[in-house]
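To start, the structure under review is shown below, and the notes come after it.
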Amino acid sequence: MGKIKVLPQELINQIAAGEVIERPASVVKELLENSLDAGAKSVDVEMNGSGLELIRVSDDGAGMSEEELELAIQRHATSKIKSIDDLFAIRSLGFRGEALPSILAVSKVAISSRTQSSPHGYSFTIEAGEVLKRSKKGMPMGTIVEVADLFFNTPARKKFLKTSATEQRHAMDVISRYAIACPQVRFSLQINSRYLLSFASASDLKDRVASVLGGMRAKDLIPLNQEKPGITVYGLIAPPSETRSNRGGIYTFVNSRSVRDALLGAAVIEGYSGMLMKGRYPIAVVFIDIDPHEVDVNVHPSKAEVRFRHAGAVFGIIASTIGEALAPSSVQKDYSFGIAPTHKDTPRHDIKEGHCEEPKASWQSRGVQGQDGNLFDERPSLQPVPGFYSSKAVIGIFHNTYVLFQDDLSLYILDQHAAHERVTFERLKTVYASGIVKKQLLLNPIILELSRPEFSVFEEIAGYIAKIGIEAEPFGSTTIAVRAVPHLLAGSDISRIIHDLLHEVMDGMLHEKRERVKHLEELMASIACHASVRAGKALSPAEAAALLRELDEVGSPLTCPHGRPLYKKIGRDEIERWIGRRP
Ligand code: ADP
Ligand code: MG
């Protein structure tokens, strides 16, 4: 190790900036928060490319005087708190006084602002934190911050950024969240001079939520409203029939601040417990208004997470409010303040329950082993045996989920959903490889209304999905028309398949994968998964036998497309040992 040295100020600033400004969307978030804190009624965001080139945020808020501007650009300068006590009574979005200086440290910024009492505004040009120019400027009241060449002096940071499309989606997500938090404020987002989001000032939350989520789901939204001493829970939630394949549809807010907190997400999911199919997640907009002393917002540099003093109580109230709204007459779960499940108990909800999402590693590391030691067979042998499935006899179906079949020596328990998924996956792959897609033209095209972000993802993947036979095209500004589907998917819920796909891509599960082939395989795995018989759908014994034959036709695979075993084998001798027929 070398000698200890105090770092130069410029480097200190760059390091500090790294915590707050992680990607272009972080700039959008911080500037948006400042505009809202300044009481803006209208905020316009413009972005070029991935946002590295240019992000401009203009507002009509209170603005800053020349002196204020001079202070605002210094680290730890804020108008929002004065003492440590204020930190625990925060109502503003910002308070750390770090955002502007952090942005300034890693980009080239022009910041202009005018207050109501001043006849003109002031404009500062700043590069890597250094003010190069100060001038007067004619402008309306408010503030315009223009951030160019983001990360120009921290090239390492640039390497971690994803594609432009991904960065743009992050920005859209940030704006969508604040648009829900502040329905009365007008927001717009232009990317490369094209309007991607435009939310007119709305008088009520429902209108705003409807335009953010995409019109289709508005009519079905269920209102939440629960006031308890010290905490109010309100919002709008979708019925359990409208779901997504991931948590992207859960929007949570604490004192009007958008937070993505594991506890809050888990509480929302708990509220739907028993009503969602495995692997499906709710769509919900949930606001919690709580005494600021009950919540610490200063646990994360970008304030994305919070910590509650009575986490269990918050969890319980959210879950019961939702549960009650969904089933007004049923007996509610009793979570009383203070003694409800604690934060510690909740992470089980973070374990992905969805069949499709479970990563390969989790079953492999767990081993496929019963609690009582080696009771069960180990993993299926790794070599597929041709004709393995169809040489055995179906003897029944357990709980509409597992096909039971046997040979002389063993009983096999097959996961019907996973098996069907694998068959569909293999067939889609063959179809793609052969280039010959059997499509079924739809007499009446399926019209899907999408939200803006969904639509932008659609535009990106339309070419890919066409290759496997899903033909869809834009039809109106955020609507698409599906004109043909592959034979394999005929009869499936196409609307749901497309929505799920869009959200999976959106969440980067598929998108970041570099190679095209890999990307396509995953799209296909995903489509196969969504198209397949869900556990719970009754198969006749003939259909179960057909499924075994189909498995052999596609090469007798042993795992689902996500790598989980399709079946479990229990030897006759083992059964005899359990029963006590053998020592
Ligand atoms: P914080 O928001 O945590 O106070 P920032 O670095 O984001 O810290 O901003 C510093 C200060 O600059 C704010 O406290 C506020 O007084 C002022 N400011 C920043 N942006 C705006 C804006 N758009 N309109 C008015 N004042 C602003
Ligand atoms: Mg701020």
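The values are calculated or read from the model by the stated rules, or taken from the named source; none is laboratory data. Computed from a predicted structure; not experimentally measured. Cβ coordinates were reconstructed from backbone atoms using ideal geometry, including for glycine residues, and neighbour counts include every protein chain displayed.
Points worth noting:
- The listed residues are S113, S83, S35, S42, and the only one of them that is away from ligand 2 (no atom under 16 Å from the Cβ), hydroxyl-bearing (S, T, Y) and at pLDDT 90 or above turns out to be S42.
- Matching residues, region 303-326, being in contact with a helix residue (DSSP H, G or I) (Cβ under 6 Å, 6 or more places away or on another chain) and of a type outside the set (D, E, K, R): F308, A311, F315, I318, A319, I322, G323
- So L11, is it surrounded by fewer than 22 Cβ atoms within 10 Å (Cβ to Cβ), away from ligand 1 (no atom under 13 Å from the Cβ), within 28 Å of the chain's Cα centre (by Cα) and among the aliphatic types (A, V, I, L, M): no
- Contacts under 6 angstrom Cβ, first residue in region 28-40 being touching a residue at least 40 places away in the same chain (Cβ under 8 Å), partner within 7 Å of ligand 1 (Cβ to nearest atom) and among the acidic types (D, E), 6 or more apart: S35/D59; A40/D59
- Any hit, region 68-78, residues being touching a helix residue (DSSP H, G or I) at 6+ places or on another chain (Cβ under 9 Å), modelled with pLDDT of 95 or more and near ligand 1 (Cβ under 8 Å from one of its atoms): no
- Residues of region 93-114 that are within 7 Å of ligand 1 (Cβ to nearest atom) and not hydrophobic (A, V, I, L, M, F, W, C): G94, R96, G97, E98, P101, S113.
- Which numbered condition R96 misses (of (1) part of a loop (DSSP other than H, G, I, E, B); (2) within 13 Å of ligand 2 (Cβ to nearest atom); (3) in contact with an Asp or Glu (Cβ under 8 Å, 6 or more places away or on another chain)): (3)
- Conditions (1) over 17 Å from S256 (Cβ atoms); (2) in a loop (DSSP other than H, G, I, E, B); (3) within 14 Å of ligand 2 (Cβ to nearest atom); (4) among the hydrophobic types (A, V, I, L, M, F, W, C): number failed by V27: (2)
- Unique residue being surrounded by fewer than 24 Cβ atoms within 10 Å (Cβ to Cβ), under 20 Å from E10 (Cβ atoms) and more than 12 Å from ligand 2 (Cβ to nearest atom) when the list is E68, E22: E22
- Residue selected from region 250-264 under the condition in contact with a strand residue (DSSP E or B) (Cβ under 9 Å, 6 or more places away or on another chain) and outside any strand (DSSP E or B), by the criterion nearest to L205 (Cα to Cα): S256
- Figure legend. Inter-residue proximity from region 251-275: first residues under 16 Å from R91 (Cα atoms), second residues modelled with pLDDT of 85 or more and among the small types (G, A, S), beta-carbon distance below 7 Å, spacing 6+ or different chains. Indicated pairs: F253/A181; S256/A181; S258/A181.
- Among residues of region 283-326, those that are in a helix (DSSP H, G or I), small (G, A, S) and within 14 Å of A238 (Cα to Cα), counted: 2
- Screening D85 against (1) assigned to a helix (DSSP H, G or I); (2) buried (at least 16 other Cβ atoms within 10 Å of the Cβ) leaves a single unmet condition, (2).
- Some residue of region 151-159 being surrounded by 21 or more Cβ atoms within 10 Å (Cβ to Cβ), within 16 Å of ligand 2 (Cβ to nearest atom) and of a type outside the set (V, I, T): no
- Any hit, region 129-137, residues being within 13 Å of ligand 1 (Cβ to nearest atom) and more than 25 Å from A179 (Cα to Cα): yes
- Applying the set (1) in a loop (DSSP other than H, G, I, E, B); (2) within 18 Å of D500 (Cα to Cα) to I436 leaves exactly one unmet item: (2).
- For region 13-24, residues that are touching a Leu at 6+ places or on another chain (Cβ under 9 Å), aliphatic (A, V, I, L, M) and in a helix (DSSP H, G or I) total 2.
- Of the residues contained in region 138-161, one or more are found to be in contact (Cβ under 8 Å) with a residue 24 or more places away in the chain, part of a helix (DSSP H, G or I) and more than 12 Å from ligand 1 (Cβ to nearest atom).
- Residue list for region 1-19, filter: of a type in the set (D, E) and within 16 Å of ligand 2 (Cβ to nearest atom): E19
- Residue within region 265-282 that is at pLDDT 85 or above and part of a strand (DSSP E or B) present: yes
- Test: residue in region 56-67 that is in a helix (DSSP H, G or I), more than 9 Å from ligand 1 (Cβ to nearest atom) and more than 27 Å from the chain's Cα centre (by Cα): yes
- Filter result for the condition that a residue is under 23 Å from H170 (Cα atoms), assigned by TED's automatic domain parsing to the domain that holds R134, buried (at least 19 other Cβ atoms within 10 Å of the Cβ) and more than 13 Å from ligand 1 (Cβ to nearest atom), over L52, L36: L52
- The set of residues in region 174-222 being assigned to a strand (DSSP E or B) and in contact with a helix residue (DSSP H, G or I) (Cβ under 7 Å, 6 or more places away or on another chain) consists of F187, L189, I191, L196, L197, F199, I222.
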